[in-house]
Amino acid sequence: MQIETFRRILYLDLRPSMVEKFPTAKVKNLLLEMEDVKYKHQPLFEVEKERVLTAVHEFYQRVIENAAIAFLNDFRSELNKAMTDHERQYIISTALKQLTFYLQESYLGIANGINSLTESLFKPTLKHELVRLYAEVSSEQKIEIDEAFIDEVYERFYFEHSPKPSLIHDSSIIVVVQDPKPKIVITDTDFQIRYADFRPEKKGILSYDTIIKNQKRFAEFEEHLFSYGFLDEEYNFTNKHGMKTELAKKYHELFNDGCFMPRDFNLLKDIQPRDIRKFLDHRYQVNLDKQFRLIN
């Protein structure tokens, strides 16, 4: 789930002491280049927008809103893919832990003082948006999200009551952008994308549905392997000279692309890199154990 932008705002390249140094013309150009993130799922709540006072204020308002929408899109998408109650609870718990961290960090940022006009404008926006996201995720626990709940979140993390009147309202109905559903693709070279297991079951090998999180990205990876000669039309490793090490490197690269589930929610244990390597080896009829372990 995309929440890294909040960290960048609080500590890294998007913190006010950095952005305030930009000429106004540069900030306005950044605003023109910025693409607004669209909702892929109907939100439950929205934060009342403040009147924009400066270009930098508008910049932060849009960056924070885009980060919030991207976070919710990822959260709802993962939740919709959950196959069991255990998996749902893991996704909800992980999201709440992430939000709790940034709620606490944003409080520290505010408690340490507001050092500029920019901070006085955007930090309240960040605070209200984080509270809104916490309410959105908490709603999946079948908790009634009312004014009392919102007030409790403000008191818990910011030691203050929620604004009156509230700045967090029920969301209006919006047009959402739907993710395209995966489909069977036949390339010009008759390589068929397979969104399922097709090898005989083997002890110790996790299933496609258990291990694959992002079907579209994984399908693109396999098409890439075929295009560059690692796989034939039947998904067999071609075993050309020197390609075992290269394929093992591609395994490692794939780990950071968000293709794989973090846990086996049937056995209730974390999925390890070796589990993924064994799954891929079985799928491509190869054994890269040695090459895989030699790559750091």
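Screening Arg194 with (1) part of a loop (DSSP other than H, G, I, E, B); (2) free of Cβ contacts under 8 Å to residues at least 12 places away in the same chain; (3) closer than 25 Å to Asn80 by Cα; (4) not polar (S, T, N, Q) gives one miss only, at (2).
Checking each residue in region 249-296 for being closer than 20 Å to Lys202 by Cβ and either assigned to a strand (DSSP E or B) or among the hydrophobic types (A, V, I, L, M, F, W, C) (or both) picks out Phe260, Met261, Asp264, Leu267, Lys269, Ile271, Ile276, Phe279, Leu280, Val286, Leu288, Phe292. Checked against the criteria, Glu129 counts as within 21 Å of Ile69 (Cα to Cα), surrounded by 12 or more Cβ atoms within 10 Å (Cβ to Cβ), modelled with pLDDT of 90 or more and among the acidic types (Asp, Glu). Does Phe279 qualify as being at pLDDT 90 or above and over 19 Å from the mean Cα position of the chain (by Cα)? Yes; evaluated as a whole, the condition is true for this residue.
Cβ separations smaller than 6 Å between residues 6+ apart or across chains give the following pairs from region 73-102 residues that are surrounded by fewer than 18 Cβ atoms within 10 Å (Cβ to Cβ) to residues that are modelled with pLDDT of 90 or more: Leu96/Val137.
Hey, can you tell me all the residues within region 162-181 that are assigned to a loop (DSSP other than H, G, I, E, B) and either touching a strand residue (DSSP E or B) at 6+ places or on another chain (Cβ under 8 Å) or at pLDDT 90 or above (or both)? Break it down into steps so the answer makes sense when it comes.
Keep residues of region 162-181 that are assigned to a loop (DSSP other than H, G, I, E, B), which gives 162-167, 171-181.
Those that are assigned to a loop (DSSP other than H, G, I, E, B) and either touching a strand residue (DSSP E or B) at 6+ places or on another chain (Cβ under 8 Å) or at pLDDT 90 or above (or both): Ser162, Leu167, Ser171, Ser172.
Looking at region 197-223 only, could you name the residues that are over 22 Å from Thr84 (Cβ atoms), of a type in the set (A, V, I, L, M, F, W, C) and either surrounded by 15 or more Cβ atoms within 10 Å (Cβ to Cβ) or touching a strand residue (DSSP E or B) at 6+ places or on another chain (Cβ under 8 Å) (or both)? Ala219, Phe221 - these are the residues of region 197-223 that are over 22 Å from Thr84 (Cβ atoms), of a type in the set (A, V, I, L, M, F, W, C) and either surrounded by 15 or more Cβ atoms within 10 Å (Cβ to Cβ) or touching a strand residue (DSSP E or B) at 6+ places or on another chain (Cβ under 8 Å) (or both). Just the residues that are of a type in the set (Gly, Ala, Ser) and either outside any helix (DSSP H, G or I) or under 15 Å from Phe255 (Cβ atoms) (or both), please, taken from region 206-227. Result: Ser207, single match. Checked against (1) surrounded by 13 or more Cβ atoms within 10 Å (Cβ to Cβ); (2) acidic (Asp, Glu); (3) within 26 Å of the chain's Cα centre (by Cα), Glu20 passes all but a single condition, namely (3).
The values are calculated or read from the model by the stated rules, or taken from the named source; none is laboratory data. Only a predicted model underlies this, so the values are computations on that prediction, with no experimental measurement involved. A quick note on method: Cβ atoms are made from the backbone with ideal geometry, for glycine too, and the neighbour counts reach across all protein chains shown.
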